[in-house]
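Written below as structure tokens is the structure these notes are about.
The values are calculated or read from the model by the stated rules, or taken from the named source; none is laboratory data. Here the structure is a predicted model, which means the values were calculated and not measured. Positions of Cβ are generated from backbone atoms using ideal geometry, with glycine treated the same way; all protein chains shown enter the neighbour counts. Calculation scope for accessible area: heavy atoms of the full protein, side chains included, ligands and nucleic acids excluded. Shrake-Rupley method; radii C 1.70, N 1.55, O 1.52, S 1.80 Å.
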Amino acid sequence: MMFDQYAFGEQLKLLRELSNHSMLSLAKEIGTSASRIKSWEVGESIPSAKWIVRLSQALKISADDLLLNIMSDVPMPQNDIEYSRRKNVLLRDLSSILPELTKQDLLELYTLAEIKVSVKKEPLEEAVRV
């Protein structure tokens, strides 16, 4: 299995934004620089185990959740990267519409929308409308 650093970057950015951290505030909280956070988010580098632990503590999630769905046997195809970006935009939009929902609630809502899309064949944006 290989670590997909681009998928990790997308995941980190989404979780950082959902927890209302700027790159700078997250960097200060975990004891690093904003440029290092940016490097992780754009997939230029990957954090060591020490940073994974600090990130998960700052974002108030488990390290497993931070790393969820980013291990793969093959590199992520371009269409999957676009799908991931689209998913992140929709999750951000949902969090602004429903600020009382936790990160976990938002992810569960999104998963339910994906199931609805696969069953009814409707566009994902329509499935997540509240």
Inset, instruction - Give the number of residues within region 18-31 that are farther than 12 Å from LEU55 by Cα and surrounded by 18 or more Cβ atoms within 10 Å (Cβ to Cβ). - result: 1
Inset, instruction - Return yes or no: is ALA63 open to solvent by 30 Å² or more (accessible area, probe 1.4 Å), more than 17 Å from LEU106 (Cβ to Cβ) and touching a helix residue (DSSP H, G or I) at 6+ places or on another chain (Cβ under 7 Å)? - result: yes
Legend entry - When residues of region 1-16 are limited to those that are closer than 19 Å to LEU91 by Cα and either among the hydroxyl-bearing types (Ser, Thr, Tyr) or open to solvent by 50 Å² or more (accessible area, probe 1.4 Å) (or both), the one modelled with the lowest pLDDT: TYR6
Legend entry - Residue match in region 32-50 (condition: open to solvent by 70 Å² or more (accessible area, probe 1.4 Å) and at pLDDT below 75): no
